[in-house]
Amino acid sequence: MLTHVDHKNQPTMVSVGHKEATERTAVAQSIVELPDEVMQHLKDGEIASKKGPVFATAIVAGTMAVKRCHELIPFCHPLPIEGCKITIEADGYQIIVRCQVEVFHKTGVEMEALTGASVAALTIYDMCKAMSHDIVIAKTELISKTGGKRDVQKKG
């Protein structure tokens, strides 16, 4: 059953008025694959580009995106985000961007976590594209969520 359509099959925002506020968390991850031309600039866990420190800037951009998710995704509720942590680590030629978001509210934060990880990955692309356009944002996925109707934990 689709939750964002009404009885006439028209788009609608889900009402959360009847739900109980609970602690809710979500973790999302994006994978960015970088070519040699970019990886050669990775030193001490950071890439220096002409635009500045890539990962530090991506963390700020991802955090801003989490807080503004409701302005980007039409049926997301504005949420009082209580916590947001974005980590960025290299694993070979892959950059792992993880975004964890926390809220005490009537609706979950998986879209906020996915948006934060995605925008951080896009920021890495933007800041490194002068070095190479062979950058691939390979995968963005929800890793886990807690609170609400059901908890989700990615297997593997």
Could you list all residues from the range 44-55 that are out of contact with any strand residue (DSSP E or B) (no Cβ under 6 Å at 6 or more places or on another chain) and either aliphatic (A, V, I, L, M) or farther than 14 Å from MET131 by Cβ (or both)?
ASP44, GLY45, ILE47, ALA48
Part of a helix (DSSP H, G or I), among the polar types (S, T, N, Q) and under 10 Å from the mean Cα position of the chain (by Cα): does that describe THR123?
no
Taking the range 14-41 as the search range and keeping residues that are within 24 Å of MET127 (Cβ to Cβ) and among the polar types (S, T, N, Q), which one is surrounded by the most Cβ atoms within 10 Å (Cβ to Cβ)?
SER30
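Can you go through ILE73, ILE81 and tell me which one is aliphatic (A, V, I, L, M), out of contact with any strand residue (DSSP E or B) (no Cβ under 7 Å at 6 or more places or on another chain) and under 19 Å from MET13 (Cβ atoms)?
Sole residue among the options that is aliphatic (A, V, I, L, M), out of contact with any strand residue (DSSP E or B) (no Cβ under 7 Å at 6 or more places or on another chain) and under 19 Å from MET13 (Cβ atoms): ILE73.
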Failed condition for ALA120, given (1) in contact (Cβ under 8 Å) with a residue 24 or more places away in the chain; (2) surrounded by 14 or more Cβ atoms within 10 Å (Cβ to Cβ); (3) touching an Asp or Glu at 6+ places or on another chain (Cβ under 7 Å)
(3)
At least 2 residues that are farther than 20 Å from ARG150 by Cα and at pLDDT below 95 in each: list the strands (runs of 3 or more DSSP E) lying fully within the range 1-104 that qualify.
46-49
For GLU46, indicate whether it is of a type in the set (Asp, Glu), out of contact with any Cys (no Cβ under 6 Å at 6 or more places or on another chain), within 20 Å of TYR93 (Cβ to Cβ) and touching a residue at least 60 places away in the same chain (Cβ under 8 Å).
no
Over the range 131-156, the set of residues aliphatic (A, V, I, L, M) and either modelled with pLDDT under 95 or part of a helix (DSSP H, G or I) (or both) is VAL152
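Each row is one residue, and each column tells you yes or no for (1) among the hydroxyl-bearing types (Ser, Thr, Tyr); (2) exposed (fewer than 14 other Cβ atoms within 10 Å of the Cβ); (3) more than 15 Å from LYS85 (Cα to Cα); (4) in contact with a Leu (Cβ under 6 Å, 6 or more places away or on another chain).
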residue	(1), (2), (3), (4)
ASP6	no, yes, yes, no
LYS43	no, yes, yes, no
SER49	yes, no, yes, no
THR57	yes, no, no, no
Filter result (under 14 Å from ARG98 (Cβ atoms) and acidic (Asp, Glu)) within the range 134-151:
GLU141
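The values are calculated or read from the model by the stated rules, or taken from the named source; none is laboratory data. Predicted model, so just to flag it, every value in this text is computed and none were measured. Reconstructed Cβ throughout: ideal geometry from the backbone, glycine too, with neighbour counts over all protein chains shown.
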